[in-house]
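The values are calculated or read from the model by the stated rules, or taken from the named source; none is laboratory data. Predicted model only: the values in this text are computed from it and were never measured. Positions of Cβ are generated from backbone atoms using ideal geometry, with glycine treated the same way; all protein chains shown enter the neighbour counts.
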Amino acid sequence: MTGVINTTQAELEKNGFKVKTVSITHLSELQEDIDKFHRQGLLDKQLSDSYLRFQYGTPEDLPGATIIFIIAVPQPITRAQFTWQGTTYEADIPPTYIGKTDDTRVKDILTSVLKPAGYRLARARLPVKTLAVRSGLMQYGRNNITYVPGMGSFQRLVAFYSDCPTERDDWQELKVMKACETCFKCLENCPTQCISTDRFLIHAENCLTWLNESEGDFPDWVKPDWHNALIGCMHCQLICPVNKTQIKKVADGPIFSEKETGLLLQKIPSDKLAEVTRDKLVSISANDWYEVLARNLRVLIESRLFTPHVP
Ligand code: SF4
Ligand code: SF4
């Protein structure tokens, strides 16, 4: 294997990651993939204003960028525990949410190969799912979740620009998994019925993930027993046959005491929490979605949906 891209790939794969590269000449096509959905009226305005703030131009911190590395890092479900009124509850954080450690590992590996060769890196703020499908790293499912061979949807995506030579360009057509041609399990099991057969995009404005990542009260039509995760939703990923070998991958998360759980439910500002509690939140990236944590935790406790923990 020769060339800086192949060396980088070998280093990432040694750590269990998968990588593809695309030339930045495709950025306008990537933008068009997203704009097309806007023009077709398939993206809810509020949702797209919140989620789709991407930067398609050459990055300011790396004006000579030539290439984008898109990397998939395996990530399990993380199960945190909360004690409240004498009972300990488990609450899941789905794959993709926990960022810092994995993102740093990716950056360190890229830097270890690219920096000695005289090349630089900058984080890419792009629609990484679409980019990863365009690179052939993964394929879409009917539920619009993306799947990597051997990892299923249990992974996190990270993208970096570099100014190294574009030795390889993996850009290709968007693809949906073959398994979805004859399978409707996610559609049949989605509690909000936001997956349909008459369009590719799900009705994301009704997806539990959008609803529980957004602030404010849940709409009246959302039934309490639909909630199944501290953030996001695992229904369609757990039922998906492509994830069959992945769904038992669960990592132990932090344990919040009765006192800590009480403070979280009261939505005490995070800077007023003890450092040890803040560290626990950071370990599940809950500092990124602290504004919705109290509401999501409360609805899970009230619906008694998540399993009381039996030591
Ligand atoms: S549940 Fe079936 S249809 Fe849905 S993403 Fe998985 S394979 Fe595709
Ligand atoms: S994440 Fe949940 S609400 Fe969203 S499509 Fe999947 S099952 Fe439906």
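At-a-glance table
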quantity: Strands (runs of 3 or more DSSP E) contained in region 57-171 and holding at least 3 residues crowded, with 19+ Cβ neighbours inside 10 Å; calculated: 67-74, 77-84, 87-93, 155-162
quantity: Test: residue in region 160-175 that is hydroxyl-bearing (S, T, Y), under 16 Å from S135 (Cβ atoms) and touching a Pro at 6+ places or on another chain (Cβ under 9 Å); calculated: yes
quantity: Only listed residue being touching a strand residue (DSSP E or B) at 6+ places or on another chain (Cβ under 8 Å), polar (S, T, N, Q) and modelled with pLDDT under 95, chosen from T307, T277; calculated: T307
quantity: Residues within region 164-196 that are near ligand 1 (Cβ under 10 Å from one of its atoms) and of a type outside the set (F, W, Y), tallied; calculated: 15
quantity: Scan of region 212-237 for residues that are within 9 Å of ligand 2 (Cβ to nearest atom) and assigned to a helix (DSSP H, G or I), ordered by number; calculated: W226, H235, C236, Q237
quantity: Region 237-252, subset farther than 11 Å from M151 by Cα and within 12 Å of ligand 1 (Cβ to nearest atom), residue surrounded by the fewest Cβ atoms within 10 Å (Cβ to Cβ); calculated: P241
quantity: Given (1) surrounded by 17 or more Cβ atoms within 10 Å (Cβ to Cβ); (2) in a loop (DSSP other than H, G, I, E, B); (3) within 16 Å of ligand 1 (Cβ to nearest atom), index of the condition T209 fails; calculated: (2)
quantity: Flag if T130 is over 20 Å from V4 (Cα atoms), out of contact with any Lys or Arg (no Cβ under 9 Å at 6 or more places or on another chain) and of a type in the set (S, T, N, Q); calculated: yes
quantity: Region 260-277 residues that are in contact (Cβ under 8 Å) with a residue 12 or more places away in the chain, paired with ones that are polar (S, T, N, Q) and outside any helix (DSSP H, G or I) (beta carbon under 8 Å, 6 or more apart); calculated: T261/T83
quantity: Counted residues, region 172-187 - those being under 15 Å from R142 (Cα atoms), exposed (fewer than 15 other Cβ atoms within 10 Å of the Cβ) and either among the β-branched types (V, I, T) or touching a residue at least 12 places away in the same chain (Cβ under 8 Å) (or both); calculated: 4
quantity: Single condition A122 does not satisfy, out of (1) within 29 Å of K249 (Cβ to Cβ); (2) more than 19 Å from the chain's Cα centre (by Cα); calculated: (1)
quantity: Those residues of region 189-199 which are in contact (Cβ under 8 Å) with a residue 40 or more places away in the chain and not β-branched (V, I, T), in sequence order; calculated: N189, C190, P191, R199
